[in-house]
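Chemist: Please find one structure pasted underneath; my questions will follow.
The numbers here are math on the coordinates, done by the rules we state, and not lab data. Just so it is clear, the structure is predicted and the values come from calculations on it, not from any experiment. Positions of Cβ are backbone-derived with ideal geometry, glycine not excepted, and every protein chain shown enters the neighbour counts.
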Number of protein chains: 2
Amino acid sequence: MANYLRQFQLPQPYTFYRGGYINQGILAYETWGELNEQGNNAILLLTGLSADSHAASHSSNDTAGWWEFMIGTNKAINTKKWFVICASSLGSCKGSTGPCSQNPTTGNPYRFNFPDLTVEDIAHSAVLLCQSLGISQLHTVIGPSMGGMTALALILNHPNYTRHLIHIASGMTSPPFSTAIRSLQREAILKDVNFNQGYYSVDSWPEEGMKFARKIGMLSYRSAREWNERFPRSLKKVPDQAFGIEFPVESYLEHHANRFVHQFDPISYLYLSRSMDWFNGHSYAAKGQNPLIQKGLETALVVGAHTDLLFPTDLQETIHQLLLGSGCDSHLTITDSIQGHDAFLVDKTTFSTLIEKQLERTSQ
Amino acid sequence: MANYLRQFQLPQPYTFYRGGYINQGILAYETWGELNEQGNNAILLLTGLSADSHAASHSSNDTAGWWEFMIGTNKAINTKKWFVICASSLGSCKGSTGPCSQNPTTGNPYRFNFPDLTVEDIAHSAVLLCQSLGISQLHTVIGPSMGGMTALALILNHPNYTRHLIHIASGMTSPPFSTAIRSLQREAILKDVNFNQGYYSVDSWPEEGMKFARKIGMLSYRSAREWNERFPRSLKKVPDQAFGIEFPVESYLEHHANRFVHQFDPISYLYLSRSMDWFNGHSYAAKGQNPLIQKGLETALVVGAHTDLLFPTDLQETIHQLLLGSGCDSHLTITDSIQGHDAFLVDKTTFSTLIEKQLERTSQ
């Protein structure tokens, strides 16, 4: 546990959406800014699959966070004005309780005995955290990628807990193409001999499976158009062995896979990945009914990118229409960012401007 | 060797484009229709990576071929009029000499001692085959997918050998995104312990690697839009084991992977796959020059599909412009087929009509 992380003790037993429970569960979280006296300036940031609570630097940790350009003094999410909370997702391996945590009952890691994890569990635990901080209602929940599904799960299960939504690069459900990509990532991990049905250790880590899973994922994070610009054909090198690395894009995948392999716990990855394929926001209403009706949402900004393969823009259009149909003042923006699914992490100007404007229009 | 396959003995030694040679090399091929007296009705069909010479049924084999709807009496490629030749690619494992063939010098399979294979070699060997059949000039060369690259290699290296081109779902070069997909497919095969650096056998076949390679490939063969229509969310089943098959799209991938695993030789797959990443039609001319100039091409039909992830439509636009710039009467058609890269195999009406019209306009 890094000493800049704060800990929230979940109630115990903490029961999961699909059944099962854990004791002594904790969420690791970080905050920026201060909750004002009225308690109405809180923004909950829900993360993508592999991100952690360290969204931006702060006084206890000056390491840049994964949304450093977005959060801070006088940035788009201005921490002089807003109180921002970001937790490592329940089930992840970044300080919050997950499958690789020790089960207090047995003294061993949960591994596959960790309860089935859904984005509803991630959302619910985050709401409990916010309530523990004295927040009776959020001003805004922001969710990119998996966080967008988590935000929807929060709204569906906790009506009126947030007034506004910023939903980025996500959907009410996962298209089969995205499920296929995640399924192959999980298969790569599960089939690594070192995975050993979850009984791996630091010394026998499923490195190859984790690397391969990352490479498959990277097919979906950026875009073919961006890669056309980044990887000149002419830089291919002579490989050291038959069918070794030869093309620039292969070096790129290998580099990122190597960076990732020990940064994430393999079983945590499986659990979080599956939670995205399980989520179905449409299932909260009868067929033909609008599941987002009467959830108390005042305004929303829904953002997608034309180049996003993982959550194509028809998904954001669907959410936008459901929100409008629910009486929410929803704005839809489909960006021309060429960075695909990752655009919210890379296209700083576009995303800073969008989020700054949405917060401005809702802070009257 | 299936008894309906005809064999063409390559000259020996047969030298490869990047060096190296083989002896006793053969191409397995099939033909439909008859070469006319003037010898001007020959169509050479160059295949995709995993296809073989059996493009359609004929009197010696009534099994449906991979382009059954396209080739035959009174079909778009009317075999009452045209003499059609299709060979299994040099390097493949469908009767033509490839890495899994026996090296006559050693009596053992070539494995990685097979010379480096390029689409130029596939093109050149096919030209020699056609010449052996008495064809001094082709009326048309047709190439989908890898076959499109092979067709370009033929035109670039054998000017004036074909009068017309039908180029489908391919490009002058492979975009980094497509190279990445193929690289991961190769990696899946190479890393299977049963692959054993090429020393696998029927009893220790790299099944898992081949299956996984096929699944990765299938991400790119159809389209997310088609899968949205095919795979309803609601059909998910309870898996027999933790993280087992649960979603319809997972069953689909597993089914197709199982069908493929013993249909193709693993080293052949590696060689053919890499040949596509090596091909660069632009390298045939100095920067800024048009490599397709003065190749004697009279007309061309260039076809792409908006939903093709593997060979996006900007590639077909590039070829079309180069062809126009070379003085060739090129037509470009980008179809609305939702079947992605595989559209030419599935969208029968669209592709039959396109090819029939192109053959009509060139048969005056």
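Chemist: Within a Cβ distance under 11 Å of A:A153, other residues only, what is the Lys/Arg minus Asp/Glu net charge? Don't skip to the end; give the middle numbers.
Modeler: Numbers: positive: none; negative: A:E120, A:D121.
Net local charge, A:A153 excluded: -2.
Chemist: So, one more: I want to verify the translational diffusion coefficient of chain A in µm²/s; compute it with Stokes-Einstein, Rh as the Kirkwood radius over Cα pairs, at 25 °C and 0.890 mPa s. Don't jump to the answer; show the numbers that get you there.
Modeler: Numbers: Rh = 21.1 Å.
Roughly 117 µm²/s, to the nearest whole number.
Chemist: Another question, if that's okay. Just going by the charge dipole of the range B:178-274, with Lys and Arg at +1 and Asp and Glu at -1 on Cβ, which of B:N258, B:Y200, B:G217 is farthest out on the positive end?
Modeler: B:G217
Chemist: For a quick protection proxy, order the peptides B:122-131, B:145-154, A:131-140 by their average other-Cβ count within 10 Å, most packed first.
Modeler: Numbers: B:122-131: 23.4, B:145-154: 28.8, A:131-140: 17.6.
So the order, starting with the most tightly packed, is B:145-154, B:122-131, A:131-140.
Chemist: When Cβ neighbours within 10 Å are restricted to other protein chains, what is their mean count per residue of peptide A:24-36?
Modeler: For this peptide, the per-residue mean of nearby foreign Cβ atoms is 0.
Chemist: Hey, how many Å between the Cα centroid of the range B:288-303 and the Cα centroid of the range A:248-315?
Modeler: Value for the Cα centre distance between the two parts: 44 Å.
Chemist: Related question: Between the range B:19-89 and the range A:191-209, how far is it from one alpha carbon centroid to the other, in angstrom?
Modeler: Using only Cα atoms to place each centre, the spacing works out to 48 Å.
Chemist: Next question, about the same structure. Can you work out D for the range B:53-192 in µm² s⁻¹ from Stokes-Einstein, where Rh is the Kirkwood radius over C-alpha pairs, the temperature is 37 °C and the viscosity is 0.692 mPa s? Can you show the working numbers first?
Modeler: Details: Rh = 17.0 Å.
The estimated diffusion coefficient comes to 193 µm²/s.
Chemist: Turning to a different aspect of this structure: Could you give the size of the charge dipole of the range B:178-274 about its Cα centre, using +1 on the Cβ of each K and R and -1 on the Cβ of each D and E, expressed in debye and rounded to the nearest 20? Spell out each step's value before the answer.
Modeler: Numbers: 14 positive and 12 negative charges, 90 e Å.
Value, rounded to 20: 440 debye.
Chemist: Hey, another quick one. Considering only DSSP beta bridges where both residues belong to the protein assembly as shown, give the percentage that are antiparallel (nearest 5). Could you put the intermediate results ahead of the total?
Modeler: On the way: 26 of 80 bridges.
Antiparallel: roughly 30 percent of the beta bridges in the protein assembly as shown.
Chemist: Give the average, rounded to an integer, of partner chain Cβ atoms located within 10 angstrom of each Cβ in B:204-217. It would help to have the intermediate numbers written out before the result.
Modeler: Working: counts 0, 0, 0, 0, 2, 1, 0, 2, 6, 0, 0, 5, 8, 0.
Partner-chain Cβ atoms within 10 Å, mean over residues of B:204-217: 2.
Chemist: Mind telling me which of A:A188, A:A55, A:A169 comes out most flexible in a GNM of chain A, alpha-carbon contacts under 10 Å?
Modeler: Maximum among the listed residues: A:A188.
Chemist: Calculate for the protein assembly as shown the 222 nm mean residue ellipticity that helices alone would give, adding -39,500 (n - 2.57) per DSSP H run of length 4 or more and normalising by residue count, nearest 500 deg cm²/dmol.
Modeler: Values: 20 runs with 242 residues, N = 728.
The helix-only estimate for the protein assembly as shown comes to -10500 deg cm²/dmol at 222 nm.
Chemist: Run the dipole for chain B about the Cα centre, Lys and Arg Cβ at +1, Asp and Glu Cβ at -1, nothing else charged, and hand back the magnitude in debye, nearest 20.
Modeler: Details: 27 positive and 32 negative charges, 32 e Å.
That gives a dipole near 160 debye.
Chemist: What does the average come to when, for each residue of peptide A:272-282, you count the partner chain Cβ atoms lying within 10 Å of its Cβ? Before the final figure, lay out each step's value.
Modeler: Working: counts 0, 1, 4, 0, 0, 6, 3, 0, 3, 0, 2.
Per-residue shielding by partner chains comes out at 2.
Chemist: Right, something else. Report the net charge of residues surrounding A:S53, where surrounding means a beta-carbon distance below 9 angstrom and charges are Lys +1, Arg +1, Asp -1, Glu -1.
Modeler: Values: positive: A:R6, A:K94; negative: A:E30, A:D52.
Here the count lands on 0.
Chemist: What's the local net charge at B:Y284, with K and R +1, D and E -1, over the other residues with C-beta under 12 Å away? Numbers along the way, then the final one.
Modeler: Details: positive: B:K287, B:K295; negative: B:E120.
The answer is +1.
Chemist: Give the Debye-formula value of log10 I(q)/I(0) at each listed q (0.11, 0.20, 0.23 Å⁻¹), with one equal scatterer per alpha carbon of the range B:178-274, two decimals each.
Modeler: For the requested q values the scattering log ratios are -0.37, -1.00, -1.17.
Chemist: Could you tell me the extents of the protein assembly as shown's C-alpha atoms along the three principal axes, largest first, rounded to whole Å?
Modeler: Extents along the principal axes, in whole Å: 94, 50, 48.
Chemist: Taking the label point as lying 7 angstrom from Cα along the Cα-to-Cβ axis, what are the distances from B:R259 to the corresponding position in the remaining copies, in ascending order and in nanometres?
Modeler: Reported distances to equivalent positions: 4.0 nm.
Chemist: Next question, about the same structure. For the range A:60-117, what class follows from the C-alpha gyration tensor (a ≥ b ≥ c being the square roots of its eigenvalues): rounded when a/c is under 1.5, otherwise prolate if a/b is larger than b/c, else oblate? Before the final figure, lay out each step's value.
Modeler: Working: a/c = 3.67, a/b = 3.15, b/c = 1.16.
Prolate, because a/c is 1.5 or more and a/b exceeds b/c.
Chemist: By average Cβ neighbour count within 10 Å, what is the ranking of A:247-254, A:176-183 from highest down? Before the final figure, lay out each step's value.
Modeler: Values: A:247-254: 21.0, A:176-183: 24.1.
Top to bottom by mean Cβ count within 10 Å: A:176-183, A:247-254.
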